[in-house]
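The values are calculated or read from the model by the stated rules, or taken from the named source; none is laboratory data. Being a predicted model, the structure only gives us computed values, none of them experimental. Virtual Cβ from ideal backbone geometry, glycine too; neighbours counted across all protein chains shown.
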């Protein structure tokens, strides 16, 4: 009876959580091999969307408060999330982006002027899909329900090999008797 129950538990966990486990494993592998995955996605999905973005301001900023103001002018619909001090740039997030910190950058020259604005919405569709891998893996989208499913998937990744090995050992012991 114990072996039958263990086998049923093993199969139940595998069947019910197959899709979430597959998502966690695929996104985790894609994170490990981020550069080739991103290149492949950009090759397969090169389509871009034309977004009307304002012309970056040409004035220079002496301090970070002024740079934050310039970033607001350069990407008015994005919220500043991270400041990079060595490479003077600001990372920003649009409201509908999945990544917790966004993937938009406002870069500054040594004089403090805006040198480049990278709006993630204007990049190739493959790049946008690539930027969705990390938030899907860490369950920063989907709310509490998806977070709970990802948690169960992680526990299942521990329970499946343990229960499978346990069942295998029990079955071998029963065959010997």
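Output the number of the condition that residue 27 fails; it satisfies all remaining conditions of (1) within 19 Å of the chain's Cα centre (by Cα); (2) more than 21 Å from residue 97 (Cα to Cα).
Every condition holds for residue 27 apart from (2).
Being in contact with a strand residue (DSSP E or B) (Cβ under 8 Å, 6 or more places away or on another chain) and closer than 30 Å to residue 72 by Cβ, is that true of even one residue in region 44-54?
yes
Criterion first (crowded, with 16+ Cβ neighbours inside 10 Å, in contact (Cβ under 8 Å) with a residue 40 or more places away in the chain and not assigned by TED's automatic domain parsing to the domain that holds residue 118) does residue 13 satisfy it?
Judged against the criteria, residue 13 is a match.
Scan region 132-140 and tell me whether some residue there is assigned by TED's automatic domain parsing to the domain that holds residue 21 and farther than 23 Å from residue 34 by Cα.
No, region 132-140 has no match at all.
Looking at region 141-177 only, could you name the residues that are over 19 Å from residue 22 (Cβ atoms) and at pLDDT 90 or above?
Scanning region 141-177 gives 143, 144, 162, 165.
With the requirement that a residue be exposed (fewer than 15 other Cβ atoms within 10 Å of the Cβ) and touching a residue at least 12 places away in the same chain (Cβ under 8 Å), what does region 86-100 give you?
Across region 86-100, the qualifying residues are 87, 95, 100.
Which condition from (1) exposed (fewer than 14 other Cβ atoms within 10 Å of the Cβ); (2) at pLDDT below 90 is the one that residue 43 breaks?
Unmet for residue 43, out of (1) exposed (fewer than 14 other Cβ atoms within 10 Å of the Cβ); (2) at pLDDT below 90: (2).
Of the numbered conditions (1) touching a helix residue (DSSP H, G or I) at 6+ places or on another chain (Cβ under 8 Å); (2) at pLDDT below 90, residue 92 satisfies every one except a single condition; which is it?
Condition not satisfied by residue 92: (2).
Go through 151, 83 for me and flag whichever is assigned to a helix (DSSP H, G or I) and surrounded by 12 or more Cβ atoms within 10 Å (Cβ to Cβ).
151
What are the residues in region 101-131 that are under 11 Å from the mean Cα position of the chain (by Cα), closer than 24 Å to residue 83 by Cβ and surrounded by fewer than 18 Cβ atoms within 10 Å (Cβ to Cβ), if any?
Within region 101-131, 101 is the sole residue that qualifies.
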